[in-house]
Amino acid sequence: MVSTLPLIVERLVKRYDGRPVLDGLSFVIHRGECFGLLGPNGAGKTTTLRCLLGHAVPDAGRIEVLGLCVPDEARKARARIGVVPQFDNLDPDFTVAENLLVYGRYFGLSDAEISRRIPALLEFAGLSARAHASTRTLSGGMKRRLTLARALVNDPELLILDEPTTGLDPQARRLIWDNLARLTREGKTILLTTHFMDEAERLCQRLAIIDAGRIIAEGAPAELIERHAPRRENGCPGNLEEVFLALTGHALRD
Amino acid sequence: MELTWGMLAVWRRNCFVWRKLALPSLLGNLADPLIYLFGLGYGLGAYLPPIAGVPYFAFLATGTVAAATMNAASFEALYSAFARMQVQRTWEGILNAPVSLADIVAGECLWAATKASISGVAILIVIALLGYAQSPWAVLAVPAIFLVGLAFGALGLIATARAPSYDFFMYYFTLFITPMTLVCGVFFPAERLPAAVQAVAAWLPLYHAVALVRPLIFGQWPAEAVWHVIYLVAVTVAAFAVAYRLARRRLLG
């Protein structure tokens, strides 16, 4: 049966050299929500995203993305997904607008169609004035915004973002948050990984904390705080960071 | 393995970059073979008798077309493709679109062959301007040059898919490309070599490239033309399959 949920992950298992990186991971995302995947380094966040895109084949479990079975129909699924990767991979040889044009071609879009979409994408990224600037001249924040705009070139139903604000200064982070909030308001479904608790608290309607390849807590940020980081003796409310540390331990990971 | 229109989008991307730097790139690809050709062809050629009925310069020039095509395809499939795969993470970006890894490897191979053909054909034009390619049938050398580019593009991509860093490519050139250039009939007929070396040379791809391209430029039908074509097609297909498998192991775990 094809579900209306944009993403279903069931009992996912992935081993590398016999060592389980994903160990029975399950979660679903509802249409139009921003869902956060939190966890310490090495918890399995990036491996999960690789499985969702069909770039890694799980050893067990089931993945359904936008009604399509992954990895079997991964290529079809990717046509309707936008991805912001953890590491910058913009084309340094191209201008800002050319990056969007060339990327749109990978989706089989005609040059005329992409050109029609480019002004709105540049406006969204706040890069209209830099359309013909070389990508090399952009700041870190601008590059991230261009990468986000590039992920929207195919007008995706689902956006996948792997640590979208890692390495950015506070101003640049805020601009990305505004962009993501605008996309959720417009009805896009978003899956993001992060280890910034303030980012998750601000953007995500629901989130899951994963550790050692399985989900150890899941719910709305306020629920998780209520459950795992109760009000302190002085009456101050707890926060998501306390939840995270309470659940994943204080030991250094790597 | 899944090949689609996506491979043309990959080819187009590389072509787009090349067009921005076409002139310096073309000069870079041409300068080296032409310096050797004129230096050795005129300098050394003055002391040498004709080979197989043609002046040494013409003999060397036609061999240079094959060697320059090999070199251009190899550089593109090694250094440039490695930059896109590893350093710039361009492949990673493309894989997030509905393009398969097979499309990317095939697009890279097609592009390496295209860029190599531009070099090979440019030297062919120089030869024609000097009056050594007078038959209109010499245009048949163009598809042969493209096939040579495909074979060396696919072979180079094997090394790229395995390379830990750029340094690795030194081995490819010093252990494979350079010795091949000396034993496959580019500078002198391979028949001059000891029988054992000849036997090995006859199985090297550049040997077939030279055996195909040289007579075609002179307007002659190459001896055993079908065998040379089958050999180069087989190398292309087999090398592509290996390169794809290695790239898969490297990028999609």
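The values are calculated or read from the model by the stated rules, or taken from the named source; none is laboratory data. Remember, predicted model here, so these are calculated numbers, not experimental data. Cβ placement follows ideal geometry from the backbone for every residue including glycine, while neighbour counts extend to all protein chains displayed. For accessibility, only protein heavy atoms count, side chains too; no ligands or nucleic acids. Shrake-Rupley method; radii C 1.70, N 1.55, O 1.52, S 1.80 Å.
Counting only Cβ charges, +1 for Lys and Arg and -1 for Asp and Glu, the dipole size of region B:6-251 around its Cα centre is about 620 debye.
For peptide A:82-91, the mean count of partner chain Cβ atoms within 10 Å of a residue's Cβ comes to 4.
Take the Cα pairs of the protein assembly as shown, get the Kirkwood Rh, then feed it into Stokes-Einstein at 4 °C and 1.567 mPa s and tell me D in µm²/s.
Working: Rh = 25.6 Å.
Rounded, D is 51 µm²/s.
Seen against the Cα atoms of chain B and their longest principal axis, helix B:225-251 is set at about 30 degrees. Counting only DSSP beta bridges whose two residues both lie in the protein assembly as shown, roughly 55 percent are antiparallel. The alpha carbons of region B:126-203 give a radius of gyration and a Dmax of 16.2, 47 Å, in that order. Kirkwood analysis of region B:171-238, using all unique Cα-Cα pairs, places the hydrodynamic radius at 12.5 Å. Against chain B, whose longest principal axis comes from its Cα atoms, helix B:22-38 is set at around 30 degrees. Ranking A:Leu183, A:Leu68, B:Pro179 by Cα position along the charge dipole of the protein assembly as shown, where only Lys, Arg, Asp and Glu carry charges on their C-beta atoms, puts B:Pro179 farthest toward the positive end. All distinct Cα pairs of region B:1-63 go into the 1/r average, and the inverse of that average, the Kirkwood radius, is 14.7 Å.
Rounded to the nearest 20, the Cβ-based charge dipole of the protein assembly as shown about its Cα centre (Lys and Arg +1, Asp and Glu -1) stands at 340 debye.
Interface size between chain B and chain A, please: total buried accessible area, 1.4 Å probe, rounded to the nearest 100 Å². The partial results should precede the final answer.
On the way: alone 12350 and 12290 Å², together 22200 Å².
Interface area, both chains combined: 2400 Å², rounded to the nearest 100.
Three principal axis extents of region B:6-251 based on alpha-carbon atoms, in descending order, are 58, 40, 32 Å. Over region A:91-151, the Kirkwood radius and the radius of gyration, each from Cα atoms, give a ratio Rg/Rh of 0.93.
Across chain B, Cα pairs under 8 Å and at least six residues apart give a relative contact order of 26 percent. Shape summary: region A:20-83 maps onto an equivalent ellipsoid whose semi-axes, from the alpha-carbon gyration tensor, are 19, 15, 11 Å in decreasing order. Sorted largest first, the principal axis extents computed over the alpha-carbon atoms of region B:1-146 equal 59, 29, 24 Å.
Quick one: which of A:Lys76/B:Lys20; A:Lys76/A:Lys188; A:Lys14/A:Lys143; A:Lys143/B:Lys115; A:Lys45/A:Lys188 span more than 26 angstrom between C-alpha atoms?
On the way: A:Lys76/B:Lys20 33 Å; A:Lys76/A:Lys188 18 Å; A:Lys14/A:Lys143 32 Å; A:Lys143/B:Lys115 30 Å; A:Lys45/A:Lys188 21 Å.
Check vs 26 Å cut-off fails for A:Lys76/B:Lys20; A:Lys14/A:Lys143; A:Lys143/B:Lys115.
Computed over the alpha-carbon atoms, region A:128-229 gives an Rg to Rh ratio of 1.01, Rh here being the Kirkwood radius from the mean inverse distance.
In this calculation the C-beta distance from B:Asp32 to A:Gln171 is compared with R0 = 51 Å, giving a FRET efficiency of 0.55. Largest GNM mean-square fluctuation across A:Arg185, A:Arg31, A:Arg173, computed for chain A with C-alpha springs under 10 Å, falls on A:Arg185. Look at the stretch B:6-19: the mean tally of other chain Cβ atoms within 10 Å of its residues' Cβ atoms is 3. Among A:Thr165, A:Thr194, A:Thr137, the largest mean-square fluctuation in a Gaussian network model of chain A, built with springs joining Cα atoms closer than 10 Å, belongs to A:Thr137.
Between B:Met170 and B:Leu252, what is 0.36 nm times their sequence separation minus the Cα-Cα distance? Round to one decimal in nm. List each step's numbers first, then the result.
Details: separation 82, 0.36 × 82 = 29.52 nm, distance 2.64 nm.
So the extension gain works out to 26.9 nm.
Both radii come from the Cα set of chain A: Rg as radius of gyration, Rh as Kirkwood radius; their ratio Rg/Rh reads 0.98. D by Stokes-Einstein for region A:63-112, Kirkwood Rh over Cα pairs, 10 °C, 1.306 mPa s: 125 µm²/s.
In terms of packing, defined here as the mean over residues of other Cβ atoms within 10 angstrom, the peptides B:216-222, A:141-147, A:219-225 line up highest first as A:141-147, B:216-222, A:219-225. Take each residue of peptide B:97-108, count the partner chain Cβ atoms within 10 Å of its Cβ, and average: the result is 4.
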